[in-house]
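The structure appears below as structure tokens.
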Amino acid sequence: MEMMDEELSTFCPSYHRAVELIGRRWTGAIMRALLTDVKRFNDLAAAVPGLSDRMLAERLKELEAEGLVVRSVIPATPVRVEYCLTEKGRALESVVRAVARWAEAWAPHNAGVPAA
């Protein structure tokens, strides 16, 4: 189903819902880290500077509820918990890469940051 050939309407509820989901604060950064095969909670927290444990846990629960992430408990000593993208979550890889390309071209990381 190729949407690019279709004419855009002024409003699409599905598009709006998708943008609201992936556009939540920290969600894009978490998705990007998961796409690089970062799986453990502490590794995800370390991969996204400034992200609190509370917010990471909240976002992971949201992504799990949306079917984008699966949480797996590995019975070991100590017990390990890993997060992986589902097929639905991996389907967003091209979107994440497209946003990354756009950001590199149009939103440099130092934009709006005063010089030291």
**OP:** Leaving out ligands and nucleic acids, note down the accessible area per residue over the chain with a 1.4 angstrom probe, in whole Å².
**Re:** 76 Å²
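Evaluate Rg over Rh across the chain, taking Cα atoms for both radii and Kirkwood's formula for Rh. Each step should come with its number before you reach the end.
Values: Rg = 16.4 Å, Rh = 16.0 Å.
That ratio is 1.02, to two decimals.
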**OP:** Would you be so kind as to identify which of 74, 107, 95 lies farthest towards the positive end of the dipole of the chain, taking Lys and Arg as +1 and Asp and Glu as -1 on Cβ and the Cα centre as origin?
**Re:** 74
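Please state, rounded to one decimal and in Å, the Kirkwood hydrodynamic radius that the stretch 47-99 gives when every pair of distinct Cα atoms enters the mean of 1/r. Before the final figure, lay out the partial values.
Working: mean 1/r = 0.0801 Å⁻¹.
It works out to 12.5 Å.
DSSP loop trypsin sites (Lys or Arg not before Pro) in the stretch 1-95 with at most 11 other Cβ atoms within 10 Å of their Cβ, which ones? Each step should come with its number before you reach the end.
Working: sites: 17, 24, 25, 32, 39, 40, 54, 59, 61, 71, 80, 88, 90; in loops: 24, 25, 39.
Counting only loop positions with at most 11 other Cβ atoms within 10 Å, the trypsin sites (Lys or Arg not before Pro) in the stretch 1-95 are 25.
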**OP:** Let me know the charge dipole size of the chain about its Cα centre in debye, to the nearest 20, where only the beta-carbon of Lys, Arg (+1) and Asp, Glu (-1) is charged.
**Re:** 540 debye
Original post:
Top mean-square fluctuation among 67, 89, 28, Gaussian network model of the chain, C-alpha springs under 10 Å?
Top reply: 67
Original post:
Roughly speaking, to the nearest percent, how much of the chain's 1.4 Å accessible area is carbon and sulfur?
Top reply: 57 percent
Original post:
What residue among 96, 73, 81 shows peak mean-square fluctuation when the chain is described by a Gaussian network model with Cα springs under 10 Å?
Top reply: 73
**OP:** Provide Rg over Rh for the stretch 17-83; use the alpha carbon set for both Rg and the Kirkwood Rh (inverse mean inverse pair distance).
**Re:** 0.96
**OP:** Stick to Cα atoms and the Kirkwood definition of Rh, then tell me Rg/Rh for the stretch 1-51.
**Re:** 1.16
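The values are calculated or read from the model by the stated rules, or taken from the named source; none is laboratory data. Keep in mind it's a predicted model, so treat the numbers as computed, not measured. Cβ sites come from the backbone with ideal geometry, for glycine too, and all protein chains shown count toward neighbours. Heavy atoms of the whole protein, side chains included, go into the accessibility calculation; ligands, DNA and RNA do not. Shrake-Rupley method; radii C 1.70, N 1.55, O 1.52, S 1.80 Å.
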